[in-house]
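K.L.:
Take this structure, written in structure tokens, and hold onto it; I'll ask about it next.
The values are calculated or read from the model by the stated rules, or taken from the named source; none is laboratory data. Since we're looking at a predicted model, the values are computed, not measured. For neighbour counting, all protein chains shown are included, and Cβ atoms are generated from backbone atoms with ideal geometry for every residue, glycine included. Areas reflect the complete protein model, heavy atoms only, side chains present, ligands, DNA and RNA absent. Shrake-Rupley method; radii C 1.70, N 1.55, O 1.52, S 1.80 Å.
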Amino acid sequence: MDWRSKLLHPDAPPAGFKSLAPSTHRASTTVFPNFAATADATWQKPYTYGIYGTPTTLDLSQRIATMTGGSHTFIVPSGQAGIALINLALLRPGDHVLIPDTIYGTHRDLMRQLITQLHIEATFYNPLGTLSAHLRPNTRLVWFESPGSVTMEVQNIPALMEELRGKDILTVIDDTYSAGVLFRPFDHGIDISMQAISKYIGGHSDLVLGCVTTAPHTDHALYLKLGDTFRILGLTASPDDCTLALRGLQTLSVRLAAAAESALTLARALENHPAIAIVLHPSLPSNPGHSSFMRDFTGPAALFSIVFHEHTTREQTEAFVDALRFFMIGYSWGGTTSVVMAYPDDTRIVAQHGPRLVRFGIGLEYTADLLEDIHQALAVAKIS
Ligand SMILES: N[C@@H](CCSC[C@H](N)C(=O)O)C(=O)O
């Protein structure tokens with residue numbers, strides 16, 4: 001074979017090689033051993049087309065399904081892609097979907113734009129309220145997100161699931177806050193969980209991925225409905241990002257525990273600060289849904305918000321954010337570096353707390369440094 005041809009045909013994988021690092025298997029084309037093997041090449045069979053998964057993506061899928069107690073996990077390009085997959089796979093024109101008013105912002109946009117354009121009714125409910133008054137004969141899907149990822153309300157999932165008992169309504173939770181480990185959706189009878197792997201599982205702010213996991217009590221038809229929509233939407237994930245996520249899983253428990261401890265220390269240190277009206281952290285008794293959190297969660301994550309007193313202006317809140325030195329200004333939390341964000345234009349949040357809410361995603365910095373940074377930024381912004 002000419003050298004030009006030899007360079008185009010890979011040799012067999014090295015036998016006997018094994019390392020401790022997750023392998024990265026990339027593919028568009030996966031090679032069939034013979035033509036007969038192409039006969040039943042579907043997305044459900046491993047390694048028929050790179051878009052359906054490689055050994056790397058399927059390893060991540062299996063590990064997340066096992067970690068969360070799920071049946072099947074689909075790895076998708078982002079958490080938002082997972083949200084879209086669930087809604088587009090399970091809703092049809094004429095259906096009704098219920099979403100908590102605290103849902104992730106881009107999820108709200110999906111509901112108000114694409115879902116509505118598909119003649120699907122999307123209505124919002126108070127995450128701390130009940131469902132019955134909102135249910136309709138055409139309600140097909142109810143979403144939970146607990147805690148709300150900015151205002152931190154914890155939903156009473158057992159009570160809400162009791163309201164849905166015996167009804168032909170699927171339930172799904174955005175479980176990103178708990179990383180699939182601090183809360184056990186399937187133990188509460190929820191049918192599907194999704195999370196942004198981008199956050200705690202990736203854990204280093206260097207990838208965007210999502211996952212959708214079906215509960216062990218769900219039927220194969222649900223798996224097929226999600227999988228076929230996954231296929232026709234082409235929601236494939238990068239094996240390189242999956243390798244980073246596999247590495248992130250290895251340290252998830254210790255990173256989450258350390259960041260959560262730091263976040264709770266900061267929340268408690270700020271709880272009685274004269275400049276702060278309320279600290280929104282699920283572990284604090286003052287937090288909306290605190291009793292549900294203490295009953296249903298095994299511990300907090302590292303996300304919480306503060307709300308300054310009513311005399312604090314929007315300008316002072318923004319000056320506070322700008323004055324922070326260790327906290328990076330950004331939305332996506334769950335990494336090793338602490339992040340901060342304000343929401344002065346979010347109508348829901350401003351209606352509840354005014355333009356004075358600031359959310360912290362705590363990382364792995366030395367906690368005292370973070371507290372000192374907050375104190376110095378309060379002084380710079382003249383918030384008291
Ligand atoms: N509810 C979480 C996760 C939503 S998806 C996050 C990210 N934009 C992604 O697409 O991976 C949140 O509030 O961030």
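K.L.:
Compare the peptides 158-164, 240-246 by average per-residue count of other Cβ atoms within 10 angstrom and give them in order, highest first. The partial results should precede the final answer.
P.N.:
Numbers: 158-164: 15.9, 240-246: 22.0.
The most tightly packed comes first, giving 240-246, 158-164.
K.L.:
Considering the dipole of the chain built from charges on the beta carbon (Lys and Arg +1, Asp and Glu -1) around the Cα centre, which of Thr130, Ala37, Leu207 is farthest to its positive end?
P.N.:
Of Thr130, Ala37, Leu207, it is Ala37.
K.L.:
Compute the length gained on full extension between Leu224 and Ala319: take 0.36 nm times their separation in residues and subtract their Cα-Cα distance, giving the result in nm to one decimal. Can you show the working numbers first?
P.N.:
Numbers: separation 95, 0.36 × 95 = 34.20 nm, distance 5.02 nm.
Extra length from Leu224 to Ala319 when fully extended: 29.2 nm.
K.L.:
What number, rounded to the nearest 500 deg cm²/dmol, is the helix-based mean residue ellipticity at 222 nm of the chain, given -39500 (n - 2.57) per DSSP H run of at least four residues and division by all its residues? Mind dumping the intermediate values first?
P.N.:
Working: 11 runs with 128 residues, N = 384.
Per the formula, -10500 deg cm²/dmol.
K.L.:
Could I ask something else about it? Using the Kirkwood formula on the Cα atoms of segment 72-169, what hydrodynamic radius do you get, in angstrom to one decimal?
P.N.:
Numbers: mean 1/r = 0.0716 Å⁻¹.
One over the average 1/r among Cα pairs gives 14.0 Å for segment 72-169.
K.L.:
Just the number: Rg to Rh for the chain, Cα atoms, Kirkwood Rh, two decimals. Can you show the working numbers first?
P.N.:
On the way: Rg = 22.6 Å, Rh = 22.2 Å.
Using only Cα positions, Rg/Rh for the chain is 1.02.
K.L.:
With charges set only on the Cβ (+1 for Lys and Arg, -1 for Asp and Glu), what does the dipole of segment 25-246 come to about its Cα centre, in debye to the nearest 20? Provide the component values of the computation, followed by the final result.
P.N.:
Numbers: 14 positive and 20 negative charges, 64 e Å.
Computed charge dipole of segment 25-246: roughly 300 debye.
K.L.:
Along the positive direction of the dipole of the chain (beta-carbon charges: Lys, Arg +1; Asp, Glu -1; about the Cα centre), which of His9, Leu118, Ser61 reaches farthest?
P.N.:
The residue sitting most towards the positive pole is His9.
K.L.:
May I ask what percent, to the nearest 5, of DSSP beta bridges between residues of the chain are antiparallel?
P.N.:
Numbers: 23 of 41 bridges.
Restricted to the chain, the bridges split so that about 55 percent are antiparallel.
K.L.:
Shifting gears a bit: How many times 2.2 N^0.38 Å is the alpha carbon radius of gyration of segment 231-352? Walk me through the numbers before you get to the answer.
P.N.:
Working: Rg = 17.4 Å, N = 122, 2.2 N^0.38 = 13.7 Å.
Normalised by 2.2 N^0.38 Å, the Cα Rg of segment 231-352 equals 1.28.
K.L.:
Report, to the nearest 10°, how far helix 314-323 tilts away from the longest principal axis of the Cα atoms in the chain, using its own Cα long axis and a range of 0 to 90°.
P.N.:
60
K.L.:
What is the helix-to-structure angle for 79-90, meaning the angle in degrees between its Cα long axis and the longest Cα principal axis of the chain, kept from 0 to 90 and rounded to the nearest 10?
P.N.:
The two axes meet at around 70 degrees.
K.L.:
Cα to Cα, under 21 Å, and not fewer than 8 places away if on the same chain: which lysines meet these conditions relative to Lys225?
P.N.:
Correct list for Lys225: Lys45, Lys167.
K.L.:
Now, a different point. Relative to the Cα centre, what is the charge dipole magnitude of the chain, using +1 at the beta carbon of each Lys and Arg, -1 at the beta carbon of each Asp and Glu, and rounding to the nearest 20 debye?
P.N.:
Details: 27 positive and 35 negative charges, 125 e Å.
For this selection, approximately 600 debye.
K.L.:
Once the cut-off is 13 Å, how many percent of the Cα-Cα pairs in segment 227-271 end up in the long-distance tail? Each step should come with its number before you reach the end.
P.N.:
Working: 694 of 990 pairs.
Of the Cα pairs, 70 percent sit more than 13 Å apart.
K.L.:
If I take the Cα coordinates of segment 1-121 and project them onto the principal axes, what are the three extents in Å, biggest first?
P.N.:
Per principal axis, max minus min of the Cα coordinates gives 62, 33, 27 Å.
K.L.:
Give me the angle, in degrees from 0 to 90, between the Cα long axis of helix 367-380 and the longest principal axis of the Cα atoms of the chain, rounded to the nearest 10.
P.N.:
Tilt relative to the chain: about 50 degrees.
K.L.:
Stokes-Einstein at 20 °C, 1.002 mPa s, Kirkwood radius from Cα pairs: D for segment 1-48 in µm² s⁻¹?
P.N.:
Answer from the Stokes-Einstein relation: 154 µm²/s.
K.L.:
For a distance above 28 Å, tell me the whole-number percent of Cα pairs in segment 25-246 that qualify. Could you put the intermediate results ahead of the total?
P.N.:
Values: 6730 of 24531 pairs.
Of all Cα-Cα distances in segment 25-246, 27 percent exceed 28 Å.
K.L.:
So with the 1.4 Å probe, I'd like the accessible area per residue for the chain, rounded to whole Å².
P.N.:
Details: 17450 Å² over 384 residues.
Each residue of the chain exposes 45 Å² on average to a 1.4 Å probe.
K.L.:
Treat every Asp and Glu Cβ in segment 251-380 as -1 and every Lys and Arg Cβ as +1, leave all other atoms uncharged, and give the resulting dipole magnitude about the Cα centre to the nearest 20 debye. Kindly include the intermediate steps, with their values, before the conclusion.
P.N.:
On the way: 8 positive and 13 negative charges, 65 e Å.
The calculated dipole for segment 251-380 is roughly 300 debye.
K.L.:
If Lys and Arg each add +1 and Asp and Glu each add -1, what is the summed charge of the other residues whose beta carbon sits under 12 Å from the beta carbon of Leu249?
P.N.:
Details: positive: Arg63, Arg247, Arg255; negative: Asp59.
Neighbour charge sum, excluding Leu249 itself: +2.
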